[in-house]
Amino acid sequence: VPALRLTGIARTYAKGLPGEVRVLSGVDLEVAPGETVALTAPSGAGKSTLLHIAGLLDRPDSGRVEIGGRDAGALGERARTALRRDAIGFVYQFHHLLREFTALENVMLPLLAAGQGRRRARERAMALLDAVGLAGRAAHRPAQLSGGEAQRVAICRALANRPRILLADEPTGNLDPDTAERVFALLARLAREEGQGALIATHNMELAARMDRALRLERGRLVPAS
Ligand code: ADP
Ligand code: ADP
């Protein structure tokens, strides 16, 4: 079962209005479990739109979104929200960690929200922080972390619930090149190890080339990059 399958996704903003923009016009994509796929394109090409649709934050005008084999279009709002929470991990350009919580607590939150007990949530969160080299930062708050460290915590948080698919929008856009490269490698390694599919939007072609596949959005469709 693919982690993510998109079929014939189309999306136009401001339909029928003077500002109408057709952003996606028939996107087909399958991401297998453990597979990392880069999504490249110039700014404004529709990467965020595609990630929002794949992440069930927006609905396509037409086409089908399946997460771990479940057709999201067939679900009501509550079931969609549950599927988003349980099966999709998000990483953004800025970490969006909660300031008043420690790194460990930030990673534990989605586990607790999903009903896991405190002790098991803590063990899972600690194991993830350890896997990204941040065991020693568990008790630090976001303000005490470097940009790269905070982004690694955000990746741990996104993967905590073992989602089917990780969606990342310019996850390293805010980091210096060396840190970006390390965070990117880590994200790919964790996704592979944990068997999650990953779809990662980036402007950085070098980093994109390290993924299992690199695709480009061109005139509303996905084509092989390079
Ligand atoms: P990217 O992430 O590749 O920069 P986006 O998906 O953010 O691209 O945007 C694609 C195009 O759609 C851009 O021209 C943008 O201005 C437009 N757009 C995005 N969101 C909206 C919206 N909510 N309403 C109108 N236009 C939008
Ligand atoms: P990024 O590509 O880094 O995610 P953007 O500036 O393209 O940042 O988009 C940020 C948010 O604003 C997205 O949720 C997008 O859908 C929305 N957005 C982008 N362009 C427009 C627009 N022209 N009108 C309304 N919303 C937009």
>> Looking for something within 16 Å of ligand 2 (Cβ to nearest atom) and over 14 Å from Ala198 (Cα atoms) - is there at least one such residue anywhere in the stretch 68-88?
In response: yes
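Listed here are the residues, each with its yes/no results for (1) in contact (Cβ under 8 Å) with a residue 60 or more places away in the chain; (2) more than 30 Å from Glu149 (Cβ to Cβ); (3) surrounded by fewer than 21 Cβ atoms within 10 Å (Cβ to Cβ); (4) more than 20 Å from the chain's Cα centre (by Cα).
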{"position": "Gly16", "(1), (2), (3), (4)": "no, yes, yes, yes"}
{"position": "Val21", "(1), (2), (3), (4)": "no, yes, yes, yes"}
{"position": "Thr40", "(1), (2), (3), (4)": "yes, no, no, no"}
{"position": "Phe90", "(1), (2), (3), (4)": "yes, no, yes, no"}
{"position": "Gln93", "(1), (2), (3), (4)": "yes, no, yes, no"}
>> What pairs come out if I take residues in the stretch 135-148 that are under 22 Å from Glu170 (Cβ atoms) and pair them with residues that are among the hydroxyl-bearing types (Ser, Thr, Tyr) and part of a loop (DSSP other than H, G, I, E, B) whose C-beta lies under 7 Å away, six or more apart or interchain?
In response: none
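Could you tell me whether the stretch 149-165 includes any residue that is over 14 Å from the mean Cα position of the chain (by Cα) and touching a residue at least 12 places away in the same chain (Cβ under 8 Å)?
Yes, the stretch 149-165 contains at least one residue that is over 14 Å from the mean Cα position of the chain (by Cα) and touching a residue at least 12 places away in the same chain (Cβ under 8 Å).
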> In the set Glu170, Glu123, which member is touching a helix residue (DSSP H, G or I) at 6+ places or on another chain (Cβ under 9 Å) and acidic (Asp, Glu)?
Replying inline: Glu170
>> Given the criterion at pLDDT 95 or above, of a type outside the set (Val, Ile, Thr) and more than 19 Å from Ala168 (Cβ to Cβ), identify the matching residue among Glu30, Glu77, Glu66.
In response: Glu66
> For the subset of the stretch 142-171 comprising residues that are in contact with a strand residue (DSSP E or B) (Cβ under 9 Å, 6 or more places away or on another chain) and assigned to a loop (DSSP other than H, G, I, E, B), which member is surrounded by the most Cβ atoms within 10 Å (Cβ to Cβ)?
Replying inline: Pro171
>> Can you tell me which residue is nearest to ligand 1 (Cβ to nearest atom) among those in the stretch 49-97 that are in contact with a helix residue (DSSP H, G or I) (Cβ under 6 Å, 6 or more places away or on another chain) and part of a loop (DSSP other than H, G, I, E, B)?
In response: Asp58
> Say we look at the stretch 201-224 and pick out the residues that are small (Gly, Ala, Ser) and part of a strand (DSSP E or B); which of these is nearest to ligand 2 (Cβ to nearest atom)?
Replying inline: Ala201
>> in a strand (DSSP E or B) and near ligand 1 (Cβ under 7 Å from one of its atoms): which single residue out of Val23, Val27, Val37 fits that description?
In response: Val23
> So Asn204 clears everything in (1) more than 21 Å from Leu134 (Cα to Cα); (2) polar (S, T, N, Q); (3) in contact with a helix residue (DSSP H, G or I) (Cβ under 6 Å, 6 or more places away or on another chain) except one condition, right? Which one?
Replying inline: (3)
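The values are calculated or read from the model by the stated rules, or taken from the named source; none is laboratory data. Because the structure is a prediction, the values reported are computed rather than measured. So basically every Cβ, Gly included, is an ideal-geometry build from the backbone, and we count neighbours across all protein chains shown.
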